[in-house]
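A.B. asks: Please find one structure pasted underneath; my questions will follow.
The values are calculated or read from the model by the stated rules, or taken from the named source; none is laboratory data. All values reported here derive from a predicted model rather than from experimental measurement. Note that we place each Cβ from the backbone using ideal geometry, even for glycine, and neighbour counts take in every protein chain shown.
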Amino acid sequence: MNRLKIYIERLLLLVLTLFLVNGCEKRSETPEVVNLEEKEGKGPSLEELQKFLFEKLKGQKLVRNYGEDTGWTNLEFLEDGNFTGSYFGKIKNDGFDAGLTEYAWIWHRGEEIHTSDFKGKFKIVEQINDNIYKMKLDNFEITSEYGRYDDIYFNVDFALGIKPDADYYLYIPGTPASLLPNENSRLDKNYKKEDSKEDKTQGFIIWNKYEDEVFNQLAL
């Protein structure tokens, strides 16, 4: 009888132990970590952002110009980041000398004039924030024929403001001035009109950081 009692007590103790162990294991399981970003869905991909932004840029014109006699380079966007454009400048703007200065002065009382036509394509390589996007040139080509034409005009093989391996930053309209580089750059002085009451960018802006060149829509 005593043996039976001892056996039952041991059996109950074993059952109780198993129950407690199982309960502790369940409570000690690592709780499921929920990534809210994944749960709610991530933002658009870089490819989707590029498609959206280039759709907005299609048909837009941007110009590199800082006032009278500073040279003029314009970009006109087509589809998917493709663009065409032209350049107009003088020796004082780009430093190129085709040797026509004396002739131009004697016969036209003027200066030799530099021009070029080109085409290219941008691609977005990084989203800096919701307002700024880093771009690179996917390709760039001068389409005009190099050399002298029309007396004092000379087609050059470049366009001021465009350098094939430079980094370009696209600023969408309404970017707060606080997000500008504030590096005493040309961009800090060419992002809005003087009479603008809001301290934000006006129109699209492309900034060639390497050469500190600004393409904007203020002169259009």
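A.B. asks: Within the set of pairs 6+ apart or on separate chains, which have a first residue in the stretch 146-163 that is over 13 Å from Phe96 (Cα atoms), a second that is surrounded by 16 or more Cβ atoms within 10 Å (Cβ to Cβ) and of a type in the set (Ser, Thr, Tyr), and C-beta atoms under 7 Å apart?
C.D. replies: Gly161/Thr73; Ile162/Thr73
A.B. asks: If you don't mind, there's one more thing I want to ask. From the residues in the stretch 142-163 that are at pLDDT 95 or above and surrounded by fewer than 16 Cβ atoms within 10 Å (Cβ to Cβ), which one is nearest to Asp94 (Cα to Cα)? Give the steps one after another, and end with the answer.
C.D. replies: Keep residues of the stretch 142-163 that are at pLDDT 95 or above, which gives 142-149, 152-163.
The next check asks that each one be surrounded by fewer than 16 Cβ atoms within 10 Å (Cβ to Cβ); those that pass are 143, 145-149, 157.
Values: Thr143: 19, Glu145: 18, Tyr146: 16, Gly147: 16, Arg148: 16, Tyr149: 19, Asp157: 12 Å.
Per the stated criteria, the residue is Asp157.
A.B. asks: Could you please find all residues in the stretch 59-115 being of a type in the set (A, V, I, L, M, F, W, C) and farther than 21 Å from Pro164 by Cα?
C.D. replies: Step one: list which residues in the stretch 59-115 are of a type in the set (A, V, I, L, M, F, W, C), which gives 62-63, 72, 75, 77-78, 83, 88, 91, 96, 98, 100, 104-107, 113.
Residues satisfying the conditions are Ile91, Ala98, Leu100, Ala104, Trp105, Ile106, Trp107, Ile113.
A.B. asks: Name the residues in the stretch 108-120 that are more than 17 Å from Phe158 (Cβ to Cβ) and either outside the structural domain of Glu211 (by TED's automatic domain parsing) or assigned to a loop (DSSP other than H, G, I, E, B) (or both), would you? I'd like the intermediate steps shown before the answer.
C.D. replies: Kept after step one, since they are more than 17 Å from Phe158 (Cβ to Cβ), are these residues of the stretch 108-120: 108-111.
Arg109, Gly110, Glu111 - these are the residues of the stretch 108-120 that are more than 17 Å from Phe158 (Cβ to Cβ) and either outside the structural domain of Glu211 (by TED's automatic domain parsing) or assigned to a loop (DSSP other than H, G, I, E, B) (or both).
A.B. asks: Taking the stretch 164-191, which residues are assigned to a loop (DSSP other than H, G, I, E, B), more than 25 Å from Ile91 (Cα to Cα) and either in contact with a helix residue (DSSP H, G or I) (Cβ under 9 Å, 6 or more places away or on another chain) or in contact (Cβ under 8 Å) with a residue 24 or more places away in the chain (or both)?
C.D. replies: Applying the first criterion (assigned to a loop (DSSP other than H, G, I, E, B)) to the stretch 164-191 yields 164-167, 172-175, 180-185, 190-191.
Next cut, more than 25 Å from Ile91 (Cα to Cα) only: 167, 172-175, 180-184, 191.
Those that are assigned to a loop (DSSP other than H, G, I, E, B), more than 25 Å from Ile91 (Cα to Cα) and either in contact with a helix residue (DSSP H, G or I) (Cβ under 9 Å, 6 or more places away or on another chain) or in contact (Cβ under 8 Å) with a residue 24 or more places away in the chain (or both): Asp167, Ile172, Pro173, Gly174, Thr175, Leu180, Pro181, Asn182, Tyr191.
A.B. asks: Next question. Considering only the stretch 113-132, I want to know if a residue exists there that is at positive phi, surrounded by fewer than 15 Cβ atoms within 10 Å (Cβ to Cβ) and at pLDDT 95 or above.
C.D. replies: no
A.B. asks: Separate question: Could you count how many residues in the stretch 171-214 are surrounded by 16 or more Cβ atoms within 10 Å (Cβ to Cβ) and among the polar types (S, T, N, Q)?
C.D. replies: Residues meeting the conditions: 5.
A.B. asks: Could you say whether any residue in the stretch 94-107 is among the small types (Gly, Ala, Ser), in a strand (DSSP E or B), surrounded by 18 or more Cβ atoms within 10 Å (Cβ to Cβ) and on the phi < 0 side of the Ramachandran plot?
C.D. replies: Step one: of the stretch 94-107, the residues among the small types (Gly, Ala, Ser) are 95, 98-99, 104.
Right, trim to in a strand (DSSP E or B) and you get none.
There is no residue in the stretch 94-107 that is among the small types (Gly, Ala, Ser), in a strand (DSSP E or B), surrounded by 18 or more Cβ atoms within 10 Å (Cβ to Cβ) and on the phi < 0 side of the Ramachandran plot.
A.B. asks: Give just the number: which of (1) out of contact with any Asp or Glu (no Cβ under 9 Å at 6 or more places or on another chain); (2) in a loop (DSSP other than H, G, I, E, B); (3) modelled with pLDDT of 95 or more; (4) more than 22 Å from Gly67 (Cβ to Cβ) does Asn139 not satisfy?
C.D. replies: It is condition (2) that Asn139 fails.
A.B. asks: Quick test for you: out of Thr101, Thr73, pick the one residue that is assigned by TED's automatic domain parsing to the domain that holds Asp157 and touching a Gly at 6+ places or on another chain (Cβ under 9 Å). Even if it seems obvious, please write down each step before you answer.
C.D. replies: Working: Thr101 fails: touching a Gly at 6+ places or on another chain (Cβ under 9 Å).
It is Thr73.
A.B. asks: Let me ask something else about it. Keeping to the stretch 98-143, report how many residues are under 30 Å from Ser45 (Cβ atoms) and among the β-branched types (Val, Ile, Thr).
C.D. replies: Going through the stretch 98-143 one residue at a time, the tally reaches 4.
A.B. asks: Among the residues that make up the stretch 46-67, is at least one of them modelled with pLDDT of 95 or more, in contact with a His (Cβ under 9 Å, 6 or more places away or on another chain) and assigned by TED's automatic domain parsing to the domain that holds Leu137?
C.D. replies: Looking for residues that are modelled with pLDDT of 95 or more, in contact with a His (Cβ under 9 Å, 6 or more places away or on another chain) and assigned by TED's automatic domain parsing to the domain that holds Leu137, one finds none in the stretch 46-67, hence no.
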